[in-house]
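Data first, discussion second: the structure below is written as structure tokens.
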Amino acid sequence: MDRSSDETAVALQALSRDAGLRNWRLKGVERLPVIQGGMGVGVSAGRLAGTVAGLGGMGTISAVDLRRLHPDLMARTAHLNAEPDAGQRIDAANLEALGREIARARELSGGRGLVAVNVMKALTAYEAYLRHAMTCGIDALVVGAGLPLDLPELARDHPEVALIPILSDARGVQLVVRKWEKKGRLPDAIVIEHPRLAGGHLGAAKVADLQDPRFDFDVAIPQVLEFFKTAGIEGRIPLIAAGGIGSLEDIRRLQGIGAAAVQLGTAFAVTAECDAHPAFKQVLADAKPADIVEFVSTAGLPARAVRTPWLDKYLRLEERLQHKAHKKESCTMRFDCLAHCGLRDGTPSWGQFCIDKTLGHALEGHLDRGLFFRGAGALPFGSEIRPVRDLMRWLLGGIRPAGLAGEAAA
């Protein structure tokens, strides 16, 4: 990390303190109360996560299919089709890519902040990604898209790694905490992600549930804190609010009701350091509220994304495709990224498209073929793409960057 980044990190600490924000503690160490959420495929990798960590926050690498960011690994695996070991070779390439991205993030962070890896419970290679990330010396594992009831056992040999499940309501928190307690472990923190506001895969059973008031921060956070109190673990598990956060005022309000920190995804996806193609960032930044839609993904979960030409066509054909759903002989991408896939397994009520392929097209900026996950909230700088340091200064100090367009500053 260069000297200017070091100076910026120190300045951000002062900004946060002067703004009345509280640092949060993970594994006994104080950090800035801003976390960059994991975004796949390849959207949040080593460059973005390392930059955020280098400024004193927590940056998160999304583990899934990171070979897409490495031409040599893609050249080694993209041609694989009917080979009996195709899946094994692709998985190996993805683990190698994950190790590279962790190393890159570490180098960029300069020893500041934290570097985490996000792994979806729904992934076939879930356990392999977790174990490799821990072997590579990651600071924290963040797990969503399913209840990670097995995480304490999987991380038993790495007590130094923080374990952070992503949940959406008090019931989910109670279930995970009680199951983990029986295994002698508590979560080191919990992300409370609001399904009505977040992007990508959402923590609700179906799209109709996204509006349920039990997910509201004003409901969920106090209920979780009350559960901690009655369970005798008050003050031991920091809560991280995620979804719809975009300003210093949002962070103040959430800390006021008991959150220790906040997590943002889309706001970091549109920064200059995000690992995705510039066209990807602009699609997210230009999207208006009417352009953002909810649907059921191939993983069987509600999801939120920008209504691009591809997604618009898919949604028009969705009912017909689901009616024709049938079990396929093999995975389109040959490595079965999801343990249960609506397209491969022929599950009629789930999405009928290849999620890895469409997210990969989005990573490369292809509007006509890509699935562009996005949160529901407005972005801090409108349609402008700004550096991570500008976003951090805005979130922690309410300071808008010089030269911001009038529309974005309104």
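Numbers below:
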quantity	calculated
Test: ILE164 is surrounded by 16 or more Cβ atoms within 10 Å (Cβ to Cβ), of a type in the set (A, V, I, L, M, F, W, C) and not in a strand (DSSP E or B)	no
Answer from VAL173, VAL115 - the residue that is at pLDDT 95 or above, in contact with a Leu (Cβ under 7 Å, 6 or more places away or on another chain) and of a type in the set (Val, Ile, Thr)	VAL173
Residues of the range 127-150 satisfying the condition of being under 18 Å from GLY200 (Cα atoms) and in contact (Cβ under 8 Å) with a residue 40 or more places away in the chain	VAL142, GLY144, ALA145
Unmet requirement for LEU301, which otherwise passes all of (1) surrounded by fewer than 23 Cβ atoms within 10 Å (Cβ to Cβ); (2) under 30 Å from GLU127 (Cα atoms); (3) out of contact with any helix residue (DSSP H, G or I) (no Cβ under 8 Å at 6 or more places or on another chain)	(1)
Residue check, ALA285 assigned to a helix (DSSP H, G or I), of a type in the set (Gly, Ala, Ser) and in contact with a Leu (Cβ under 7 Å, 6 or more places away or on another chain)	yes
Residue satisfying condition, being surrounded by fewer than 23 Cβ atoms within 10 Å (Cβ to Cβ), assigned to a helix (DSSP H, G or I) and among the aliphatic types (A, V, I, L, M), within set LEU147, LEU175	LEU175
Answer from GLY365, GLY351 - the residue that is outside any helix (DSSP H, G or I), touching a residue at least 60 places away in the same chain (Cβ under 8 Å) and within 23 Å of the chain's Cα centre (by Cα)	GLY365
For ALA205: the one exception among (1) closer than 30 Å to ALA133 by Cα; (2) surrounded by 19 or more Cβ atoms within 10 Å (Cβ to Cβ); (3) at pLDDT below 95	(2)
Matching residues in the range 265-280 - criterion: being within 24 Å of PRO195 (Cβ to Cβ) and not hydroxyl-bearing (Ser, Thr, Tyr)	GLY265, ALA267, PHE268, ALA269, VAL270, CYS274, ALA276, PHE280
From GLY342, GLY403, residue being surrounded by 17 or more Cβ atoms within 10 Å (Cβ to Cβ) and either among the small types (Gly, Ala, Ser) or in contact (Cβ under 8 Å) with a residue 40 or more places away in the chain (or both)	GLY342
Neighbours by Cβ (under 9 Å, 6+ apart or cross-chain): first from the range 313-333, in a loop (DSSP other than H, G, I, E, B); second surrounded by fewer than 12 Cβ atoms within 10 Å (Cβ to Cβ) and among the hydrophobic types (A, V, I, L, M, F, W, C)	SER330/ALA82
Qualifying position, being over 21 Å from the mean Cα position of the chain (by Cα), outside the structural domain of ALA82 (by TED's automatic domain parsing) and either among the hydrophobic types (A, V, I, L, M, F, W, C) or under 22 Å from ASN94 (Cα atoms) (or both), among ARG316, ARG344	ARG344
Given (1) surrounded by 23 or more Cβ atoms within 10 Å (Cβ to Cβ); (2) over 25 Å from LEU32 (Cα atoms); (3) over 17 Å from the mean Cα position of the chain (by Cα); (4) of a type outside the set (Lys, Arg), index of the condition ALA220 fails	(2)
Residues of the range 91-143 that turn out to be within 13 Å of HIS158 (Cβ to Cβ) and not in a helix (DSSP H, G or I), as a count	7
Leading residue by the ranking (nearest to THR266 (Cα to Cα)) among those in the range 206-244 that are free of Cβ contacts under 8 Å to residues at least 60 places away in the same chain and part of a loop (DSSP other than H, G, I, E, B)	ASP216
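The values are calculated or read from the model by the stated rules, or taken from the named source; none is laboratory data. Predicted model, so just to flag it, every value in this text is computed and none were measured. Cβ coordinates were reconstructed from backbone atoms using ideal geometry, including for glycine residues, and neighbour counts include every protein chain displayed.
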